[in-house]
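Structure record follows, encoded as C-alpha coordinates.
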Amino acid sequence: MTDKLNELTAAGVAVWLDDLSRVRLSSGGLDQLRREKHVAGVTTNPTIFAKALSDADEYNWQLHDLATRGVDVEEAVRMLTTYDVRWACDVMRPSYDGSDGVDGRVSIEVDPRSAHDADKTVAEAKALWWLVDRPNLFIKIPATEEGLSAITDTLAEGISVNVTLIFGLDRYSAVMEAFLAGLEQAKANGHDLSKIGSVASFFVSRVDSEVDKRLEKVGSDQAKALRGKAAVANAQLAYERYTEVFSSDRWKALAAAGAHPQRPLWASTSTKNPDYRDVIYVEELIAPGTVNTMPESVIHAYADHGETRGDTITGAYDAARKVFADLESVGVDMADVIATLEREGVEKFEASWQELLDGVRKSLGAAGSGKGSPNKAAKGNANAAEKAGGA
(Lines give C-alpha, C1' and ligand atoms only; values in the text may rest on other atoms or scores of the structure.)
Protein backbone atom coordinates (compact mmCIF):
# COMPACT_ATOMS: atom_id res chain seq x y z
CA MET A 1 0.00 0.00 0.00
CA THR A 2 1.08 3.56 -0.70
CA ASP A 3 2.16 5.50 2.37
CA LYS A 4 0.23 8.68 1.70
CA LEU A 5 1.47 10.51 4.79
CA ASN A 6 5.05 9.73 3.79
CA GLU A 7 4.32 11.24 0.37
CA LEU A 8 2.98 14.35 2.09
CA THR A 9 6.08 14.59 4.26
CA ALA A 10 8.32 14.13 1.20
CA ALA A 11 6.49 17.06 -0.45
CA GLY A 12 7.74 19.29 2.37
CA VAL A 13 4.73 19.26 4.70
CA ALA A 14 5.41 18.39 8.34
CA VAL A 15 2.48 16.42 9.78
CA TRP A 16 1.60 17.54 13.31
CA LEU A 17 -1.14 16.36 15.64
CA ASP A 18 -3.62 18.92 16.92
CA ASP A 19 -4.45 17.15 20.17
CA LEU A 20 -2.97 15.97 23.46
CA SER A 21 -4.23 14.15 26.54
CA ARG A 22 -2.76 12.06 29.31
CA VAL A 23 -4.65 9.06 27.96
CA ARG A 24 -2.87 9.51 24.64
CA LEU A 25 0.45 9.71 26.47
CA SER A 26 -0.04 6.85 28.92
CA SER A 27 -1.39 4.49 26.25
CA GLY A 28 1.56 5.09 23.94
CA GLY A 29 -0.80 6.46 21.29
CA LEU A 30 1.25 9.58 20.65
CA ASP A 31 4.46 7.62 20.22
CA GLN A 32 2.64 5.25 17.86
CA LEU A 33 1.51 8.17 15.69
CA ARG A 34 5.09 9.46 15.64
CA ARG A 35 6.45 6.08 14.58
CA GLU A 36 3.72 4.92 12.22
CA LYS A 37 1.95 8.04 10.88
CA HIS A 38 4.91 10.43 10.44
CA VAL A 39 3.58 12.78 13.13
CA ALA A 40 6.43 15.20 13.81
CA GLY A 41 4.91 17.69 16.26
CA VAL A 42 2.00 18.40 18.58
CA THR A 43 -0.15 21.48 19.10
CA THR A 44 -2.46 22.16 22.02
CA ASN A 45 -4.86 24.91 23.02
CA PRO A 46 -7.19 25.63 25.97
CA THR A 47 -10.07 23.78 24.28
CA ILE A 48 -7.99 20.63 23.92
CA PHE A 49 -6.93 20.71 27.56
CA ALA A 50 -10.45 21.44 28.80
CA LYS A 51 -11.69 18.32 27.00
CA ALA A 52 -8.74 16.18 28.12
CA LEU A 53 -9.17 17.01 31.80
CA SER A 54 -12.94 16.59 31.75
CA ASP A 55 -13.11 12.95 30.75
CA ALA A 56 -10.11 11.04 32.10
CA ASP A 57 -9.24 9.42 35.43
CA GLU A 58 -5.52 9.65 34.66
CA TYR A 59 -5.41 13.07 36.30
CA ASN A 60 -6.87 11.91 39.64
CA TRP A 61 -3.62 11.19 41.42
CA GLN A 62 -2.16 14.58 40.51
CA LEU A 63 -5.39 16.39 41.41
CA HIS A 64 -5.29 14.61 44.78
CA ASP A 65 -1.70 15.76 45.37
CA LEU A 66 -2.50 19.33 44.31
CA ALA A 67 -5.55 19.43 46.58
CA THR A 68 -3.47 18.07 49.45
CA ARG A 69 -0.94 20.84 48.91
CA GLY A 70 -3.74 23.40 48.85
CA VAL A 71 -2.70 25.03 45.59
CA ASP A 72 -5.07 27.47 43.92
CA VAL A 73 -6.83 26.60 40.68
CA GLU A 74 -4.55 28.73 38.47
CA GLU A 75 -1.44 26.92 39.69
CA ALA A 76 -3.20 23.58 39.43
CA VAL A 77 -4.03 24.17 35.77
CA ARG A 78 -0.43 25.00 35.02
CA MET A 79 0.88 21.96 36.89
CA LEU A 80 -1.53 19.65 35.06
CA THR A 81 -0.96 21.04 31.57
CA THR A 82 2.81 21.47 31.81
CA TYR A 83 3.08 17.88 33.07
CA ASP A 84 1.40 16.62 29.90
CA VAL A 85 3.38 18.91 27.61
CA ARG A 86 6.71 17.97 29.24
CA TRP A 87 5.87 14.30 28.78
CA ALA A 88 4.88 14.92 25.14
CA CYS A 89 8.14 16.79 24.53
CA ASP A 90 10.02 13.69 25.65
CA VAL A 91 7.93 11.44 23.41
CA MET A 92 8.63 13.72 20.44
CA ARG A 93 12.31 14.18 21.22
CA PRO A 94 13.48 11.68 18.53
CA SER A 95 11.77 13.84 15.87
CA TYR A 96 13.43 16.94 17.33
CA ASP A 97 16.88 15.38 17.36
CA GLY A 98 16.43 13.81 13.93
CA SER A 99 15.40 17.09 12.28
CA ASP A 100 18.11 19.30 13.78
CA GLY A 101 15.56 20.91 16.08
CA VAL A 102 13.06 21.85 13.36
CA ASP A 103 10.32 19.34 14.19
CA GLY A 104 9.47 17.33 17.30
CA ARG A 105 7.93 20.43 18.86
CA VAL A 106 5.07 20.55 21.36
CA SER A 107 3.11 23.76 21.98
CA ILE A 108 1.55 25.17 25.13
CA GLU A 109 -0.43 28.40 25.12
CA VAL A 110 -0.19 31.40 27.38
CA ASP A 111 -3.35 32.31 29.28
CA PRO A 112 -5.60 33.69 26.50
CA ARG A 113 -7.02 36.23 28.93
CA SER A 114 -3.68 38.02 28.55
CA ALA A 115 -3.95 38.18 24.75
CA HIS A 116 -4.17 41.98 24.86
CA ASP A 117 -1.50 42.48 27.55
CA ALA A 118 2.01 42.17 26.14
CA ASP A 119 3.85 42.34 29.48
CA LYS A 120 1.76 39.57 31.04
CA THR A 121 2.14 37.44 27.93
CA VAL A 122 5.95 37.68 28.00
CA ALA A 123 6.06 37.01 31.75
CA GLU A 124 3.95 33.90 31.37
CA ALA A 125 5.92 32.73 28.34
CA LYS A 126 9.10 32.85 30.43
CA ALA A 127 7.42 31.01 33.30
CA LEU A 128 6.10 28.24 31.03
CA TRP A 129 9.48 27.88 29.33
CA TRP A 130 11.07 27.39 32.74
CA LEU A 131 8.35 25.02 34.00
CA VAL A 132 8.43 22.63 31.04
CA ASP A 133 12.20 22.91 30.65
CA ARG A 134 12.49 21.12 27.31
CA PRO A 135 14.30 22.46 24.24
CA ASN A 136 11.55 21.25 21.88
CA LEU A 137 8.83 23.35 23.50
CA PHE A 138 6.87 26.07 21.70
CA ILE A 139 5.12 28.83 23.62
CA LYS A 140 1.90 29.78 21.83
CA ILE A 141 1.16 33.50 21.69
CA PRO A 142 -1.97 34.91 20.00
CA ALA A 143 -1.32 37.26 17.07
CA THR A 144 -3.29 40.17 18.46
CA GLU A 145 -1.93 43.67 17.92
CA GLU A 146 -0.65 43.65 21.50
CA GLY A 147 0.76 40.17 20.97
CA LEU A 148 3.15 41.33 18.26
CA SER A 149 5.57 43.01 20.66
CA ALA A 150 5.26 40.03 23.02
CA ILE A 151 6.35 37.73 20.16
CA THR A 152 9.44 39.83 19.56
CA ASP A 153 10.30 40.12 23.25
CA THR A 154 9.82 36.40 23.89
CA LEU A 155 12.03 35.39 20.97
CA ALA A 156 14.63 37.90 22.15
CA GLU A 157 14.86 35.85 25.37
CA GLY A 158 15.82 32.78 23.32
CA ILE A 159 12.37 31.21 23.73
CA SER A 160 10.75 29.38 20.80
CA VAL A 161 7.31 30.63 19.78
CA ASN A 162 4.25 29.33 17.99
CA VAL A 163 2.25 32.38 16.92
CA THR A 164 -1.43 31.44 16.91
CA LEU A 165 -4.79 32.83 15.77
CA ILE A 166 -3.54 34.38 12.52
CA PHE A 167 -6.39 34.92 10.07
CA GLY A 168 -5.42 37.81 7.77
CA LEU A 169 -2.58 38.59 5.39
CA ASP A 170 -1.60 41.96 6.87
CA ARG A 171 -1.43 40.54 10.38
CA TYR A 172 0.65 37.65 9.06
CA SER A 173 3.12 40.11 7.55
CA ALA A 174 3.31 41.86 10.93
CA VAL A 175 3.96 38.49 12.62
CA MET A 176 6.89 37.79 10.30
CA GLU A 177 8.26 41.26 11.05
CA ALA A 178 7.95 40.53 14.78
CA PHE A 179 9.80 37.25 14.25
CA LEU A 180 12.69 38.86 12.38
CA ALA A 181 12.99 41.60 14.99
CA GLY A 182 12.94 39.00 17.77
CA LEU A 183 15.74 36.98 16.20
CA GLU A 184 17.82 40.09 15.64
CA GLN A 185 17.43 40.98 19.31
CA ALA A 186 18.14 37.38 20.35
CA LYS A 187 21.37 37.47 18.38
CA ALA A 188 22.33 40.76 20.01
CA ASN A 189 21.57 39.16 23.39
CA GLY A 190 24.00 36.35 22.67
CA HIS A 191 21.53 33.53 22.04
CA ASP A 192 22.24 30.68 19.64
CA LEU A 193 19.76 31.26 16.81
CA SER A 194 19.93 27.63 15.69
CA LYS A 195 18.19 26.63 18.93
CA ILE A 196 15.24 29.02 18.50
CA GLY A 197 12.25 27.75 16.54
CA SER A 198 9.01 29.33 15.42
CA VAL A 199 5.89 28.64 13.40
CA ALA A 200 3.09 31.00 12.40
CA SER A 201 -0.30 29.30 12.81
CA PHE A 202 -2.54 30.53 10.00
CA PHE A 203 -6.13 29.40 10.55
CA VAL A 204 -7.95 27.90 7.60
CA SER A 205 -11.38 26.29 7.93
CA ARG A 206 -12.80 29.01 10.17
CA VAL A 207 -12.34 31.45 7.26
CA ASP A 208 -14.61 29.37 5.05
CA SER A 209 -17.16 29.01 7.84
CA GLU A 210 -17.45 32.78 8.25
CA VAL A 211 -17.27 33.65 4.54
CA ASP A 212 -19.71 30.92 3.52
CA LYS A 213 -22.22 32.24 6.06
CA ARG A 214 -22.00 35.66 4.44
CA LEU A 215 -22.23 34.22 0.94
CA GLU A 216 -25.40 32.35 1.89
CA LYS A 217 -26.85 35.61 3.14
CA VAL A 218 -26.07 37.31 -0.19
CA GLY A 219 -27.85 34.39 -1.83
CA SER A 220 -27.02 34.98 -5.49
CA ASP A 221 -25.72 32.20 -7.75
CA GLN A 222 -22.44 34.10 -8.12
CA ALA A 223 -22.07 34.27 -4.35
CA LYS A 224 -22.93 30.61 -3.78
CA ALA A 225 -20.38 29.57 -6.39
CA LEU A 226 -17.66 31.06 -4.16
CA ARG A 227 -18.43 28.86 -1.15
CA GLY A 228 -15.46 26.85 0.09
CA LYS A 229 -12.86 28.91 -1.77
CA ALA A 230 -11.87 31.74 0.56
CA ALA A 231 -9.87 29.78 3.13
CA VAL A 232 -7.53 28.06 0.68
CA ALA A 233 -7.03 31.27 -1.31
CA ASN A 234 -6.23 33.17 1.88
CA ALA A 235 -3.64 30.60 2.95
CA GLN A 236 -2.11 30.43 -0.52
CA LEU A 237 -1.57 34.19 -0.53
CA ALA A 238 -0.06 33.92 2.94
CA TYR A 239 2.51 31.48 1.57
CA GLU A 240 3.34 33.96 -1.19
CA ARG A 241 4.19 36.52 1.49
CA TYR A 242 6.22 33.91 3.35
CA THR A 243 8.38 33.22 0.29
CA GLU A 244 8.98 36.94 -0.20
CA VAL A 245 10.04 37.59 3.39
CA PHE A 246 12.24 34.51 3.65
CA SER A 247 14.14 35.28 0.48
CA SER A 248 15.03 38.82 1.62
CA ASP A 249 18.54 40.02 2.46
CA ARG A 250 17.40 40.67 6.01
CA TRP A 251 16.46 37.03 6.43
CA LYS A 252 19.61 35.78 4.69
CA ALA A 253 21.71 37.58 7.30
CA LEU A 254 19.87 35.76 10.08
CA ALA A 255 20.08 32.42 8.27
CA ALA A 256 23.83 32.90 7.97
CA ALA A 257 23.88 33.16 11.78
CA GLY A 258 22.14 29.77 12.08
CA ALA A 259 18.47 30.80 12.21
CA HIS A 260 15.66 28.55 11.00
CA PRO A 261 12.77 30.18 9.11
CA GLN A 262 9.42 30.69 10.79
CA ARG A 263 7.36 28.10 8.94
CA PRO A 264 3.71 28.73 8.09
CA LEU A 265 1.52 26.25 9.96
CA TRP A 266 -1.94 25.51 8.60
CA ALA A 267 -4.25 25.27 11.63
CA SER A 268 -7.96 24.46 11.91
CA THR A 269 -7.70 22.03 9.01
CA SER A 270 -10.68 19.79 9.72
CA THR A 271 -13.59 20.61 7.43
CA LYS A 272 -16.60 22.13 9.16
CA ASN A 273 -18.90 21.64 6.17
CA PRO A 274 -19.69 17.95 5.46
CA ASP A 275 -20.20 18.82 1.79
CA TYR A 276 -16.46 19.50 1.44
CA ARG A 277 -13.81 16.83 0.99
CA ASP A 278 -12.56 15.91 4.44
CA VAL A 279 -8.89 16.43 3.49
CA ILE A 280 -9.32 19.53 1.32
CA TYR A 281 -7.33 21.74 3.70
CA VAL A 282 -4.41 19.35 3.44
CA GLU A 283 -4.47 18.55 -0.27
CA GLU A 284 -4.85 22.16 -1.38
CA LEU A 285 -2.12 23.49 0.92
CA ILE A 286 0.94 21.46 0.00
CA ALA A 287 4.22 23.33 -0.38
CA PRO A 288 7.79 23.00 0.87
CA GLY A 289 8.58 24.26 4.36
CA THR A 290 5.04 24.13 5.74
CA VAL A 291 3.36 22.43 8.69
CA ASN A 292 -0.17 21.05 8.74
CA THR A 293 -1.53 20.36 12.21
CA MET A 294 -4.49 17.99 12.07
CA PRO A 295 -6.88 16.24 14.43
CA GLU A 296 -6.21 12.51 14.47
CA SER A 297 -9.32 11.90 12.35
CA VAL A 298 -7.86 13.99 9.51
CA ILE A 299 -4.50 12.24 9.80
CA HIS A 300 -6.20 8.87 9.34
CA ALA A 301 -8.39 10.23 6.53
CA TYR A 302 -5.34 11.45 4.62
CA ALA A 303 -3.55 8.15 5.21
CA ASP A 304 -6.59 6.43 3.67
CA HIS A 305 -7.47 8.61 0.67
CA GLY A 306 -5.39 11.79 0.61
CA GLU A 307 -3.81 12.80 -2.69
CA THR A 308 -0.38 14.44 -2.77
CA ARG A 309 -0.22 16.22 -6.12
CA GLY A 310 3.01 18.12 -5.58
CA ASP A 311 3.05 21.81 -4.75
CA THR A 312 -0.58 23.01 -4.79
CA ILE A 313 0.18 26.53 -3.58
CA THR A 314 2.95 28.23 -5.54
CA GLY A 315 1.19 28.22 -8.90
CA ALA A 316 -2.15 29.30 -7.48
CA TYR A 317 -1.48 32.93 -6.49
CA ASP A 318 -3.32 34.56 -9.41
CA ALA A 319 -6.34 32.29 -8.96
CA ALA A 320 -6.35 33.10 -5.24
CA ARG A 321 -6.31 36.83 -5.96
CA LYS A 322 -9.26 36.34 -8.31
CA VAL A 323 -11.19 34.63 -5.50
CA PHE A 324 -10.62 37.68 -3.32
CA ALA A 325 -11.72 40.01 -6.11
CA ASP A 326 -14.86 37.94 -6.71
CA LEU A 327 -15.67 37.97 -2.98
CA GLU A 328 -15.39 41.73 -2.94
CA SER A 329 -17.62 41.99 -6.02
CA VAL A 330 -20.47 40.17 -4.26
CA GLY A 331 -20.13 42.29 -1.14
CA VAL A 332 -18.02 40.18 1.23
CA ASP A 333 -15.81 42.48 3.30
CA MET A 334 -12.73 40.35 3.99
CA ALA A 335 -11.28 42.92 6.40
CA ASP A 336 -14.39 42.56 8.53
CA VAL A 337 -14.26 38.77 8.20
CA ILE A 338 -10.69 38.74 9.55
CA ALA A 339 -11.48 41.15 12.40
CA THR A 340 -14.49 39.04 13.38
CA LEU A 341 -12.50 35.80 13.35
CA GLU A 342 -9.68 37.23 15.46
CA ARG A 343 -12.08 38.60 18.05
CA GLU A 344 -14.07 35.36 18.18
CA GLY A 345 -10.90 33.26 18.25
CA VAL A 346 -9.63 34.97 21.38
CA GLU A 347 -13.10 34.86 22.96
CA LYS A 348 -13.45 31.12 22.29
CA PHE A 349 -10.08 30.35 23.86
CA GLU A 350 -10.93 32.56 26.83
CA ALA A 351 -14.18 30.63 27.26
CA SER A 352 -12.32 27.31 27.04
CA TRP A 353 -9.79 28.56 29.58
CA GLN A 354 -12.62 29.43 31.95
CA GLU A 355 -14.14 26.00 31.37
CA LEU A 356 -10.75 24.50 32.19
CA LEU A 357 -10.48 26.53 35.40
CA ASP A 358 -14.01 25.62 36.44
CA GLY A 359 -13.42 21.93 35.76
CA VAL A 360 -10.15 21.85 37.69
CA ARG A 361 -11.72 23.80 40.57
CA LYS A 362 -14.48 21.18 40.80
CA SER A 363 -11.98 18.32 40.54
CA LEU A 364 -9.77 19.83 43.24
CA GLY A 365 -12.77 20.05 45.51
CA ALA A 366 -13.65 16.40 44.88
CA ALA A 367 -10.04 15.32 45.38
CA GLY A 368 -9.81 17.27 48.62
CA SER A 369 -12.92 15.57 49.93
CA GLY A 370 -11.54 12.15 49.08
CA LYS A 371 -13.91 11.55 46.15
CA GLY A 372 -11.13 11.98 43.63
CA SER A 373 -8.42 10.02 45.43
CA PRO A 374 -5.81 8.31 43.24
CA ASN A 375 -6.40 4.84 41.92
CA LYS A 376 -3.92 2.18 40.87
CA ALA A 377 -4.22 2.97 37.19
CA ALA A 378 -3.57 6.62 37.81
CA LYS A 379 -0.52 5.84 39.92
CA GLY A 380 0.69 3.58 37.15
CA ASN A 381 0.40 6.46 34.70
CA ALA A 382 2.45 8.62 37.02
CA ASN A 383 5.17 6.00 37.07
CA ALA A 384 5.03 5.69 33.28
CA ALA A 385 5.46 9.44 32.97
CA GLU A 386 8.47 9.38 35.24
CA LYS A 387 10.08 6.66 33.17
CA ALA A 388 9.38 8.66 30.03
CA GLY A 389 10.87 11.79 31.56
CA GLY A 390 7.44 13.36 31.91
CA ALA A 391 7.47 13.76 35.68
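The values are calculated or read from the model by the stated rules, or taken from the named source; none is laboratory data. All of these numbers come straight from a predicted model, not from anything done at the bench. Cβ sites come from the backbone with ideal geometry, for glycine too, and all protein chains shown count toward neighbours. Just the protein is used for accessible areas: all its heavy atoms, side chains included, with ligands, DNA and RNA removed. Shrake-Rupley method; radii C 1.70, N 1.55, O 1.52, S 1.80 Å.
Summary table
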item	result
Rounded accessible area of residue 329 (nearest 10 Å², 1.4 Å probe)	80
Among 332, 39, 163: highest mean-square fluctuation, GNM of the chain, C-alpha pairs under 10 Å	332
By accessible area with a 1.4 Å probe, ligands and nucleic acids excluded, highest first: order of 195, 126	195, 126
Probe 1.4 Å - accessible area at residue 34, Å² to nearest ten	60
Furthest towards positive pole of dipole, 191, 207, 167, structure part the chain, Cβ charges	191
Sequence of 27, 114, 247 from largest to smallest accessible area, 1.4 Å probe	27, 247, 114
Stokes-Einstein D (µm²/s) once Rh is taken as the Kirkwood radius of the chain over alpha-carbon pairs, at 4 °C in 1.567 mPa s	60
Full-extension gain in nm, residue 71 to residue 227, via 0.36 nm per residue minus C-alpha separation	51.2 nm
For the chain, built as a Gaussian network whose Cα springs stay under 10 Å, the top-fluctuating residue of 357, 148, 180	357
Rounded to the nearest 10 Å², the accessible area of residue 296 at probe 1.4 Å	60
The chain, accessible surface, carbon-and-sulfur percent (1.4 angstrom probe)	49
Calculated log₁₀ intensity ratio I(q)/I(0) where the Debye formula runs over C-alpha points of segment 43-192, q = 0.14, 0.16, 0.17 Å⁻¹	-0.72, -0.91, -1.01
Average Cα contact separation per residue, the chain, under 8 Å, 6 or more apart, as relative contact order %	25
Dipole moment magnitude, nearest 20 debye, segment 1-125 about Cα centre, only Lys, Arg, Asp, Glu C-beta charged	240
Heavy-atom surface of the chain, accessible at 1.4 Å and reported per residue (Å²)	40
Given charges at Cβ of Lys, Arg, Asp, Glu: segment 254-300 dipole, positive-most of 282, 299, 257	257
Shape of segment 206-267, Cα gyration tensor, a/c cut at 1.5	prolate
Shape call, segment 237-336: gyration tensor on alpha carbons, a/c limit 1.5	oblate
Cα gyration tensor category, rounded, prolate or oblate, for segment 174-309 with a/c compared to 1.5	prolate
